[in-house]
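Notes to accompany the following structure.
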Amino acid sequence: MNQIKETYPYVTFTVFETVLMNDFLNHLIAQNTVFIQAEKESSIYVFRFLQEKGYQNVMYKPGKNEFDLYWSRDEIVVADIISEAPLRTDEPHKIMLEKMLVDMIADKLISTTFSKAEFPDVIEQAQSRYYLDKIRLLRYARRRNREKR
């Protein structure tokens with residue numbers, strides 16, 4: 001993350017590791033996947049930068065089939081960030097809890113890493129442990145067409 005931040009200081013991006021969901025899941029994720037979401041115009045440059053730095057397991061905007069077929073341990077997935085995604089002001093590259101929760105349901109790749117039956121418990125645990133800005137959560141869910149879910 002620091003290498004990307006130093007090379008592309010003006011690019012908006014977030015980093016999300018699937019092991020972060022272990023705080024809320026009953027069936028823990030053992031094989032981590034790192035999702036880097038960058039501005040649409042810059043995501044290809046971030047992908048190429050990671051390849052040039054020697055990262056072996058990097059995919060650029062894979063579909064679900066490619067992700068399932070080519071996924072390997074400690075995979076890095078580079079994709080476009082959704083416009084209007086909630087971003088932290090203090091640490092802009094770290095994912096916000098509201099974004100993580102919505103992406104767990106809305107993102108096809110992230111949602112394959114855990115059982116969807118656990119999601120109601122995930123929301124309940126997140127609300128009991130942390131402050132959730134429901135307006136921010138619902139606004140981003142509406143942007144991802146997942147407000148009802």
Residue tally, condition open to solvent by 100 Å² or more (accessible area, probe 1.4 Å) and more than 24 Å from R144 (Cα to Cα), over segment 65-89:
3
Considering residues that are touching a helix residue (DSSP H, G or I) at 6+ places or on another chain (Cβ under 8 Å), outside any loop (DSSP other than H, G, I, E, B) and polar (S, T, N, Q), the number found within segment 1-58 is 6
Could you please find all residues in segment 93-136 being touching a residue at least 40 places away in the same chain (Cβ under 8 Å), over 25 Å from E66 (Cα atoms) and open to solvent by 60 Å² or more (accessible area, probe 1.4 Å)?
K94, D121, R129, R136
Residue among P62, P9 that is more than 24 Å from R129 (Cα to Cα) and surrounded by fewer than 17 Cβ atoms within 10 Å (Cβ to Cβ)
P9
Scan segment 137-149 residue by residue and report those that are open to solvent by less than 90 Å² (accessible area, probe 1.4 Å) and assigned to a helix (DSSP H, G or I).
L137, L138, Y140, A141
Just checking, does segment 65-83 include any residue being in contact with a Leu (Cβ under 7 Å, 6 or more places away or on another chain) and more than 15 Å from E17 (Cα to Cα)?
yes
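Determine if segment 111-127 includes at least one residue that is in a loop (DSSP other than H, G, I, E, B) and farther than 26 Å from E52 by Cα. Write out each step before concluding.
Our first condition is that a residue be in a loop (DSSP other than H, G, I, E, B); within segment 111-127, this holds for 114-115.
Filter again for farther than 26 Å from E52 by Cα, leaving 114-115.
Taking every residue of segment 111-127 in turn, at least one turns out to be in a loop (DSSP other than H, G, I, E, B) and farther than 26 Å from E52 by Cα.
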Being open to solvent by less than 80 Å² (accessible area, probe 1.4 Å) and out of contact with any Gly (no Cβ under 6 Å at 6 or more places or on another chain) narrows it down to one residue among N2, N26, N32; which is it?
N32
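Yes/no per residue for (1) out of contact with any helix residue (DSSP H, G or I) (no Cβ under 8 Å at 6 or more places or on another chain); (2) modelled with pLDDT of 95 or more; (3) polar (S, T, N, Q):
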site	(1), (2), (3)
L69	yes, no, no
I76	no, yes, no
A79	no, yes, no
S83	no, no, yes
P86	no, no, no
H93	no, no, no
K99	no, yes, no
I105	no, no, no
S111	no, no, yes
Of (1) open to solvent by less than 60 Å² (accessible area, probe 1.4 Å); (2) closer than 22 Å to F119 by Cβ, S42 fails just (2)
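The values are calculated or read from the model by the stated rules, or taken from the named source; none is laboratory data. Nothing here was measured: the structure is a model prediction, and the numbers come from that model. Note that we place each Cβ from the backbone using ideal geometry, even for glycine, and neighbour counts take in every protein chain shown. Accessible surface is based on the protein model in full, side chains and every heavy atom, while ligands, DNA and RNA are left aside. Shrake-Rupley method; radii C 1.70, N 1.55, O 1.52, S 1.80 Å.
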